[in-house]
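Below is one structure, written out as structure tokens, with a few remarks after it.
What follows draws every value from the coordinates through simple rules; no lab data is involved. Worth saying up front: this structure is predicted, and the values here are computed from it rather than measured. Here the Cβ positions follow ideal geometry from the backbone for every residue, glycine too, while neighbour counts run over all protein chains shown.
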């Protein structure tokens, strides 16, 4: 199958003094053209750090100092300590080439961001520049990627704003972000991200801060972008129901590791890892109306506490056996499209 992006054995650590604490450890997955791939897991699992790594937002030296994305109280630099992120593309002769995003110079990454890969964050108000009008921020992406015709830029911005459900685009072009609602700000962010028709859109919990109706509209918009533009989407969320309604495939992440990967149907109907089953059991539904929801004891271990050896979920797992505490389990095939890292998978 043709591949758009390949993450291979990606490891990211956090510098704390002379130590490099492991935040992501040897994660690997592929993103295919035209699909919507979901990453789900509790806070602290490494979802946002994965997104930042792919988008090349760890800085030219591989570090980032955004303390909002740290585990626990750690606010030190994050750095890629291993692996590769390959973006695949076909040349004029049809041959496929791959570039490693982790080893490109910053100028080359700037040419890729917005044009090949774009990202939408969960906080639209803090993501937009409060000193620039909405239209100017969307137009800036086109300008940075070489478009000089002001009339053409304005026309494309207004056309896209209207397509994304923003009313009175001519007026909104000249409106500052603080005058817009959360849903409108998120639509502006999406417009900014897709104005150059990127091949991959990374959506990092883009509906978390929105009310239910606006959330539903944004999710429908994601489906339209995927269908109409053919854009692949990496959708990150802690909400399995959102993932279920949007994504073709799912990655289950926990404590910097990928524990399970499969089609949406397989993950929901035949979960193979106890962590996945625990997450699914905690989803409210009509069958458990009025009952206490299932609860996963404990919490995701912070980096300061140290990641457990073996399967990182074993301290919270009610079915853990001594083998779970050894080495991290190798990938086991549940089906041709479904894998898990669980020593007990073969016993089921």
**OP:** Jot down the radius of gyration and Dmax of the range 204-325, Cα atoms only, both in angstrom.
**Re:** 16.4, 50
Original post:
Which residues in the range 105-130 have a backbone N closer than 19 Å to a point placed 7 Å from the Cα of residue 229 along the Cα-to-Cβ line?
Top reply: 110-125, 127-129
Original post:
Quick one: Cα centre-to-centre distance for the range 145-173 and the range 5-59, in angstrom?
Top reply: 33
Subject >> Computed helical MRE - 222 nm, the chain, DSSP H runs ≥ 4 contributing -39500 (n - 2.57), nearest 500 >> reply: -8000 deg cm²/dmol
**OP:** Rank 136, 203, 294 by mean-square fluctuation in a GNM of the chain with C-alpha springs under 10 angstrom and give only the top-ranked residue.
**Re:** 294
Original post:
Expressed as a rounded percentage, what relative contact order does the chain have, with Cα pairs under 8 Å and six or more residues apart?
Top reply: 20
**OP:** Give me D for the range 146-241 in µm² s⁻¹, whole number, from Stokes-Einstein with Rh from the Kirkwood sum over alpha-carbon pairs, 25 °C and 0.890 mPa s.
**Re:** 173
Original post:
What spacing in nm lies between the two simple spin-label points modelled at residue 168 and residue 133, each 7 Å away from Cα in the Cβ direction?
Top reply: 1.4
Subject >> Cα pair distances in the range 127-197, grouped into 5 Å bins until the bin that holds the longest one, percent each >> reply: 3, 19, 35, 26, 13, 3, 0
Original post:
Rounded to the nearest 0.05, what FRET efficiency do residue 145 and residue 304 have when you use their Cβ-Cβ distance and R0 = 41 Å?
Top reply: 0.50
Original post:
Efficiency by 1/(1 + (r/R0)^6): what FRET value for residue 248 and residue 18, r their Cβ-Cβ distance, R0 = 45 Å, to the nearest 0.05?
Top reply: 0.55
**OP:** Just the number, please: percent antiparallel of the DSSP beta bridges in the chain, rounded to the nearest 5.
**Re:** 65
Original post:
Over the range 127-197, what is the relative contact order in whole percent, taking alpha-carbon pairs under 8 Å and six or more residues apart?
Top reply: 49
Original post:
Using a Förster distance of 41 Å, how high is the FRET efficiency between residue 99 and residue 325, based on the Cβ-Cβ distance and rounded to 0.05?
Top reply: 0.55
**OP:** Have a look at the chain and give its Rg and Dmax from the Cα atoms, expressed in angstrom.
**Re:** 20.7, 67
